[in-house]
1. About its Cα centre, what dipole magnitude does region A:29-134 give when the only charges are +1 on Lys and Arg Cβ and -1 on Asp and Glu Cβ, stated in debye to the nearest 20?
2. Work out from phi, with θ = phi - 60° and the Karplus expression 6.51 cos²θ - 1.76 cosθ + 1.60, the ³J(HN,Hα) of each residue of region B:50-58, listed in order in whole Hz, and give x for Gly and Pro.
3. Take peptide A:38-48, look around each residue's Cβ out to 10 angstrom, count Cβ atoms belonging to other protein chains, and average those counts.
4. Calculate the FRET efficiency for A:Leu130 and B:Ala81 from the Cβ-Cβ distance with a Förster distance of 41 Å, rounded to the nearest 0.05.
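No value in this document is a laboratory result; all are computed from the given coordinates. Keep in mind that this is a model prediction, so the values were computed, not measured. Cβ placement follows ideal geometry from the backbone for every residue including glycine, while neighbour counts extend to all protein chains displayed.
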Amino acid sequence: MTDAGRGEPARAGPDGAPAHEGAESEPDPRFTLANERTFLAWSRTALALVAAGLGIVQLLPPFHGVPFGRRVLGVPLIILGAVIAVAAFWEMTRNQRAMRRGQPLPRSIIPRLLAGTIAGIAALAAAVVLLSAAR
Amino acid sequence: MSTVPPGQDEPGIGEPANRTRLAWTRTAIALAALGAAMLRASVVAGVIVIALSIPVWAAVRRIGPAPDALSSLAALRLVTATVVLVAAAALVIAFLGHGPGSLSELLHGR
């Protein structure tokens with residue numbers, strides 16, 4: 001890695017440890033590749049969310065009596081996809097920086113973000129279906 | 001980093017590098033599939049998304065036999081920008097597409 005995580009990495013010492021306090025050294029390439037695969041997996045999740053949102057808006061039959069029902073459900077999924085794509089890139093660079101500094105990896109916010117938003121959209125879907133059935 | 005003969009993986013790197021190449025390929029396929037699905041709603045947007053899947057697929061070639069980590073962030077930035085662009089196009093289709101409750105319907109009073 002030369003530019004992920006910003007900053008020019010310092011050369012590692014002979015034992016693989018940073019040459020001096022606060023210095024950065026390249027992590028094992030296997031860790032970097034795993035970090036890259038995690039980013040790609042989140043990107044595919046983001047694409048799936050966008051596809052799901054677009055599918056809801058375009059393919060689902062309209063909810064009777066709820067004209068904006070499909071958009072209420074689909075648009076948050078599309079936005080969530082964009083947010084996850086950006087967050088995945090941010091976390092990838094943050095994790096790479098932590099590995100270069102020999103620090104523990106910070107906790108990811110994406111799983112909580114994804115779970116919370118999907119739970120909210122599920123509740124919203126239930127409300128739209130019930131509202132549509134009542135009308 | 002040790003010197004490795006051309007065309008050979010550094011010891012212990014071959015399998016992780018292969019898994020990463022496959023992950024890039026899956027991402028490119030997912031992007032192309034979404035582009036194909038978008039063709040139904042918007043031909044222009046669909047073609048653009050399919051075209052963007054080509055450089056993502058080409059990013060596989062970046063991972064050499066002995067990767068010295070991410071040599072460039074350009075490919076990763078490209079994936080992020082592409083997903084955001086696809087989401088923006090999907091939002092435009094969602095709001096400006098035809099159908100009950102769409103903005104075009106409201107604007108035209110239909």
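1. Values: 11 positive and 2 negative charges, 97 e Å.
It comes to approximately 460 debye.
2. Values, residue by residue: 4, 5, 5, 6, 5, x, 5, 5, 5 Hz.
3. Average neighbour count from other chains, rounded to a whole number: 6.
4. On the way: r = 39 Å, r/R0 = 0.95.
Computed FRET efficiency for A:Leu130 and B:Ala81 comes out at 0.55.
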